[in-house]
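All remarks here apply to the structure that follows.
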Amino acid sequence: RAKTAGRARVALFDGSLHRDAVRRLEMENDLRAGLRDEAFVLHFQPIVSLADRRTQGFEALVRWRRTPDALVHPGDFIAIAEESGLIVPLGFWVMAQACRAAVRWNAAEPARVPRWVSVNVSPRQFRCDDVVERVRAILRDTGIAPGLLKIEITESVAMENTERAIAVLRSLRDLGVGISIDDFGTGYSSLSSLHRLPFDTLKIDRSFVGAIGRDGDGIVRTVLGLARSLRLAVVAEGAETAAQVDALAAMGCDQAQGFHFSRPVPEAAVAALIAP
Ligand code: C2E
Ligand code: MG
Ligand code: MG
Ligand code: MG
C-alpha cells in the first residue's frame, strides 16, 4: 500500500504541481537576486483633485526588471514576494526610493505646492514588529517632510488585529504620515471598527468605479456619504473614462486616479504632470 501511495505521489510531482513548485522556487530565487541587484523600478501614477483637475500627489507602483527587456508587473510577483517574506525588504526599499523620488520632484520645483507620494504597505510588512521604527528611519534618512508620505493598507490588514492596528496607525500618524485604506469596499470591515482606525483617506476600489453608470453608483454614493460623516478624503481608483470622472465629480468625490488622467509613469515623466 505504502509503495502504491508513494508512486502516486511521485506521479503527481512529475506533473503540473511539480512544474508549479519549481516555477515558484525559481521566481523566489530571482526575486532575492533582484533585491540584491536593485532590479526593481518605481512608476508613479498621479492622483488628481476633481475640483481643479490638478495632480495632488502620486502612488508609487513597483515593477521588476527580471530580464533586460521584461518589466514584470506586481500582479505577477507580489503574491510570491508576500509568501516568501521577501516583500518586507522589498516594501521598505520601495518606500525609501519613493521618498527619495518625492524629495527630488519637489526640489526641482520649489516654488510649487509640494506633491506627496503614496506607498503600498503589504500585510506582512504591516505585521513587522518594527514597522513604525522602520518608517521613522526612512523619513530621517531620506529627509522627506513626513506629511509628503502616505501609506496604503487594505481594510483586511487594518481589521485583522484591530487593537494593534490602531496603535501602529496612531504612531504612524503621530510621525506625520498620511494613511489610506486601499481597495475600499472589497473587504469586510464593519463600520464600527472602521471609525476607530486613525486613517485619513479611503480609496474606492476600481471595481466600483468601473461600474459607475451601471450598478456602481449606489456603492460609490454610500462610500462618499460614509467618508463625509467620518471626515475622510476619498480617492476613486481606476477612473478610465470622462463619463466616470464627471459622475464622480458630480457625486462630490475629492480625488481620482486612473488611466483617464495618466498611466503610471517613470520618474522622468513626473515633472510634466505637475506643471501648473
Ligand atoms: P493598487 O495599490 O490598488 O494600485 C492600483 C493598480 O491599479 C495599479 O496596478 C495601477 O496601474 C492600476 N490602475 C490604475 N488606474 C487604472 C485604470 O484606470 N484602469 C485599470 N484597469 N487599472 C488601473 P499595478 O501597478 O499593476 O499594481 C497592482 C497592485 O500591486 C497594486 O494595487 C498593489 O496592491 C500592488 N503593488 C504595487 N506596488 C506595490 C508595492 O510597492 N508594494 C506592495 N506591497 N504592493 C504593491
Ligand atoms: Mg495602492
Ligand atoms: Mg488600490
Ligand atoms: Mg486596487
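The values are calculated or read from the model by the stated rules, or taken from the named source; none is laboratory data. Nothing here was measured: the structure is a model prediction, and the numbers come from that model. Please note: Cβ atoms are built from the backbone with ideal geometry, for glycine as well, and neighbour counts cover all protein chains shown. Ligands, DNA and RNA are stripped out before the accessible areas are found, and what is left, the full protein with its side chains, is counted by its heavy atoms. Shrake-Rupley method; radii C 1.70, N 1.55, O 1.52, S 1.80 Å.
Are there GluC sites (Glu not before Pro) in the stretch 124-194 that DSSP puts in a loop and that have at most 11 other Cβ atoms within 10 Å, and which ones?
Counting only loop positions with at most 11 other Cβ atoms within 10 Å, none of the GluC sites (Glu not before Pro) in the stretch 124-194 qualifies.
Answer rounded, prolate or oblate for the stretch 37-166, using the Cα gyration tensor with square roots of eigenvalues a ≥ b ≥ c: rounded when a/c is under 1.5, else prolate when a/b is larger than b/c, else oblate. Walk me through the numbers before you get to the answer.
Values: a/c = 1.57, a/b = 1.21, b/c = 1.30.
Since a/c reaches 1.5 but b/c is at least a/b, the shape of the stretch 37-166 is classed as oblate.
Search the structure for amide H atoms under 5 Å from the amide H of residue 56, placed 1.01 Å from N in the peptide plane, and list their residues when 5 or more places away or on another chain.
47, 48, 49
What distance in nm separates the simple spin-label points at residue 49 and residue 269, each placed 7 Å from Cα in the Cβ direction?
Spacing of the two 7 Å Cα→Cβ label points: 2.4 nm.
Express in nm, to one decimal, how much length is gained between residue 93 and residue 26 on full extension, taking 0.36 nm for each residue of separation and deducting their alpha carbon distance.
Result for the pair: 22.0 nm of gain on full extension.
Tell me, what HN-Hα J-couplings in whole Hz come from the Karplus equation 6.51 cos²θ - 1.76 cosθ + 1.60 at θ = phi - 60° for each residue of the stretch 22-31, using x for Gly and Pro?
5, 4, 5, 5, 4, 5, 4, 4, 5, 5
Say R0 is 25 Å: what FRET efficiency, to the nearest 0.05, do residue 246 and residue 195 get from their beta-carbon distance?
Between residue 246 and residue 195 the formula returns 0.25.
DSSP loop (so not H, G, I, E, B), at most 16 other Cβ within 10 Å: list which GluC sites (Glu not before Pro) in the stretch 37-120 pass both filters.
When the GluC sites (Glu not before Pro) of the stretch 37-120 are filtered for loop state and at most 16 Cβ neighbours within 10 Å, 38 remain.
Mind telling me which of 266, 46, 146 comes out most flexible in a GNM of the chain, alpha-carbon contacts under 10 Å?
It is 266.
Which percent of the accessible area of the chain is formed by carbon and sulfur heavy atoms (probe 1.4 angstrom)?
53 percent
Return the single residue from 33, 227, 81 with maximal mean-square fluctuation; model: Gaussian network over the chain, springs between Cα atoms under 10 Å.
The residue that fluctuates most here is 33.
DSSP beta bridges in the stretch 59-181, what fraction antiparallel, as a percent rounded to 5?
Values: 3 of 13 bridges.
Antiparallel bridges: around 25 percent, rounded to the nearest 5.
To the nearest 500 deg cm²/dmol, what mean residue ellipticity at 222 nm is calculated for the chain from DSSP H runs of n ≥ 4 alone, each contributing -39,500 (n - 2.57), summed and divided by the residues?
My calculation for the chain gives -14500 deg cm²/dmol from helical runs alone.
Which one of 41, 271, 261 is farthest out on the positive end of the charge dipole of the chain, using unit charges on Cβ (Lys, Arg +1; Asp, Glu -1) and the Cα centre as origin?
Of the listed residues, the answer is 41.
Quote the relative contact order of the stretch 86-131 in percent (integer), defining contacts as alpha-carbon pairs under 8 Å separated by 6+ residues.
In percent, rounded to a whole number, it is 51.
Hey, rough spin-label estimate for residue 69 and residue 112, points 7 angstrom out along Cα→Cβ, what's it come to in nanometres?
3.4 nm
Just subtract the alpha-carbon distance of residue 104 and residue 156 from 0.36 nm times their residue separation and send over the number in nm, one decimal.
That works out to 15.4 nm of additional length.
Tell me, what is the per residue accessible area of the stretch 142-223 in Å², probe radius 1.4 Å?
44 Å²
Over the stretch 124-276, what is the relative contact order in percent, taking alpha-carbon pairs closer than 8 angstrom and at least six residues apart? Walk me through the numbers before you get to the answer.
Details: 199 pairs, mean separation 24.4, N = 153.
Over the stretch 124-276, the number comes to 16 percent.
Taking +1 at the Cβ of each Lys and Arg and -1 at the Cβ of each Asp and Glu, which of 77, 29, 92 sits farthest along the dipole of the chain towards its positive end, judged by Cα position relative to the Cα centre?
Of the options given, the answer is 29.
When all alpha-carbon pairs of the stretch 174-276 are counted, what percent fall beyond 23 Å? If you can, show how the numbers build up before the last one.
Working: 1651 of 5253 pairs.
Here the tail beyond 23 Å accounts for 31 percent of pairs.
If I take every Cα pair under 8 Å that is 6 or more residues apart in the chain, average their sequence separation and divide by the length, what percent do I get for the relative contact order? Let's see the in-between values first.
Numbers: 416 pairs, mean separation 48.7, N = 276.
Across the chain, relative contact order equals 18 percent.
Which percentage, to the nearest 5, of the DSSP beta bridges contained in the chain is antiparallel? Mind dumping the intermediate values first?
Working: 15 of 37 bridges.
Approximately 40 percent, going by the DSSP bridge assignments.
Apply the Kirkwood formula to the chain: the hydrodynamic radius equals the inverse of the mean of 1/r over all pairs of different alpha-carbon atoms; give it in Å with one decimal.
Radius from the Kirkwood sum: 20.2 Å.
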